[in-house]
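K.L.:
Here's a structure for you.
The values are calculated or read from the model by the stated rules, or taken from the named source; none is laboratory data. All of these numbers come straight from a predicted model, not from anything done at the bench. Note that we place each Cβ from the backbone using ideal geometry, even for glycine, and neighbour counts take in every protein chain shown.
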Amino acid sequence: MKICIRAHDLGVKGTDGILAQLKSLGIDGVQMVCYKAYEDVPQLPGAITAQKAASIGKAFADAGKCIPLVGAYFNCVHSNREKAAMGEQLFKEYLAHCRAMGCNYVGSETGSYSDDPWVYHPRNRTEEAHRAVAETFSRLCDTAAEFGSTVAMEGASGHVCHDVATLQKVRNMIGKPTKVIFDLFNYLDAENQGNYLDILDRGLETFAGDILLFHMKDCILQNGKAPLQPPFGQGGLDLDAILGRIKAYDKNAVLVLEETVAPHIQHAVETIKTTWERV
């Protein structure tokens with residue numbers, strides 16, 4: 001098992017600062033969103049270069065730290081088609097450069113017709129939406145094949161791929177190799193939150209060996225209201241049951257803390273380690 005964190009949740013920018021934090025906290029690596037982790041890499045086409053990617057990859061390798069996923073999240077069904085096209089172009093550029101960073105995977109959620117923020121829109125639940133996402137990610141898969149990298153997809157309640165079944169349906173429509181970023185909290189809403197272990201079981205069964213990593217979030221369940229997200233280890237989820245199921249699925253699983261920030265990171269890391277050893 002590896003414990004990772006989103007680089008931009010560490011509260012520092014730049015390779016040296018990130019690696020220092022990982023060493024201090026006993027964390028194995030990061031999910032890297034370069035334009036959030038580096039001052040000199042804006043969210044613009046051409047910003048990530050072969051030289052920059054190679055320098056990141058070498059520094060992480062020398063430090064014995066990993067980058068299991070490069071994030072290039074964008075809303076592929078945004079009504080501003082220029083914005084959607086730019087997001088697709090950025091994703092393709094990261095597919096071209098991720099291997100130099102020591103990573104084979106670039107990921108995104110599937111977006112929403114709500115534009116910004118990405119929340120529920122009735123159009124998300126249509127065949128048109130499923131086709132639109134499949135077509136975009138199919139193009140991304142073609143680019144990935146050119147560079148020996150792989151596309152990773154993440155579902156979320158309120159997005160086009162709002163549940164496990166829909167994400168798998170769209171992956172089948174694409175018909176090309178993809179991996180899954182599994183974020184249990186993302187699938188929870190006011191109606192289904194009490195069934196979180198069933199949703200986890202469904203995901204583990206449906207996605208079989210295609211889960212790349214698990215986002216680690218905790219949750220405070222609220223009757224009839226959307227669940228709240230506290231720092232990991234400070235909510236009400238049955239972490240023994242969750243991590244026990246993940247460990248049974250893959251004892252070498254990659255667990256990525258998401259939206260847990262200082263001063264709560266160390267407690268979250270220790271919670272994962274002690275729970276993993278116990279289950």
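K.L.:
Report every pair of residues separated by at least 6 positions or lying on different chains whose Cβ atoms are under 9 Å apart, first residue within region 113-125 and on the phi > 0 side of the Ramachandran plot, second part of a helix (DSSP H, G or I) and among the basic types (Lys, Arg).
P.N.:
So the pair list comes out as Asp115/Lys83.
K.L.:
So in region 25-49, with the set limited to residues that are part of a helix (DSSP H, G or I) and touching a residue at least 60 places away in the same chain (Cβ under 8 Å), which one is farthest from the chain's Cα centre (by Cα)?
P.N.:
Leu25
K.L.:
Any idea which residue in region 55-74 is surrounded by the most Cβ atoms within 10 Å (Cβ to Cβ), counting only those that are assigned to a loop (DSSP other than H, G, I, E, B) and without any contact (Cβ under 8 Å) to a residue 40 or more places away in the chain?
P.N.:
Across region 55-74, the extreme among qualifying residues is Ala72.
K.L.:
Which pairs have Cβ atoms under 7 Å, sit 6 or more apart or on different chains, and link a residue in region 143-154 that is within 15 Å of Asp210 (Cβ to Cβ) to one that is of a type in the set (D, E, K, R) and not in a helix (DSSP H, G or I)?
P.N.:
Final answer for the pair search is Thr150/Lys179; Ala152/Lys179; Glu154/Glu109; Glu154/Asp183.
K.L.:
Next question, about the same structure. Leu90 passes all but one of (1) in contact (Cβ under 8 Å) with a residue 40 or more places away in the chain; (2) touching a helix residue (DSSP H, G or I) at 6+ places or on another chain (Cβ under 7 Å); (3) not aromatic (Phe, Trp, Tyr); which number fails?
P.N.:
Going through the list (1) in contact (Cβ under 8 Å) with a residue 40 or more places away in the chain; (2) touching a helix residue (DSSP H, G or I) at 6+ places or on another chain (Cβ under 7 Å); (3) not aromatic (Phe, Trp, Tyr), Leu90 breaks only (2).
The rows are residues; the columns are (1) in contact with a Ser or Thr (Cβ under 7 Å, 6 or more places away or on another chain); (2) surrounded by fewer than 20 Cβ atoms within 10 Å (Cβ to Cβ); (3) outside any helix (DSSP H, G or I).
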residue: Gln89; (1), (2), (3): no, yes, no
residue: Tyr94; (1), (2), (3): no, no, no
residue: Arg99; (1), (2), (3): yes, yes, no
residue: Ala129; (1), (2), (3): no, no, no
residue: Ser138; (1), (2), (3): no, yes, no
residue: Ala144; (1), (2), (3): yes, no, no
residue: Gly158; (1), (2), (3): yes, yes, yes
residue: Leu167; (1), (2), (3): no, no, no
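K.L.:
Please find, within region 178-194, the residue that is surrounded by the most Cβ atoms within 10 Å (Cβ to Cβ) out of those that are more than 17 Å from the chain's Cα centre (by Cα) and not charged (D, E, K, R).
P.N.:
Step by step, filter region 178-194, then rank; the result is Gln193.
K.L.:
Just name the residue that is farthest from Ala134 (Cα to Cα) out of those in region 57-85 that are among the hydrophobic types (A, V, I, L, M, F, W, C) and out of contact with any Phe, Trp or Tyr (no Cβ under 8 Å at 6 or more places or on another chain).
P.N.:
Top of the filtered list is Ala63.
K.L.:
Could you tell me whether region 153-161 includes any residue that is among the acidic types (Asp, Glu), within 16 Å of the chain's Cα centre (by Cα) and within 23 Å of Glu258 (Cα to Cα)?
P.N.:
Yes - at least one qualifying residue is present in region 153-161.
K.L.:
Sticking with this one: Any idea which of Ile220, Ile211 is surrounded by fewer than 19 Cβ atoms within 10 Å (Cβ to Cβ) and of a type in the set (Val, Ile, Thr)?
P.N.:
Ile220
K.L.:
For Leu22, which of the numbered conditions (1) more than 25 Å from Ala262 (Cβ to Cβ); (2) under 20 Å from the mean Cα position of the chain (by Cα); (3) not in a strand (DSSP E or B) fails to hold?
P.N.:
Every condition holds for Leu22 apart from (1).
K.L.:
Same structure again: Going by the conditions given, is Gln222 touching a Cys at 6+ places or on another chain (Cβ under 8 Å) and more than 18 Å from Leu167 (Cβ to Cβ)?
P.N.:
no
K.L.:
While we're here: Can you say whether Val133 is at pLDDT 95 or above and within 18 Å of the chain's Cα centre (by Cα), as far as the supplied structure shows?
P.N.:
yes
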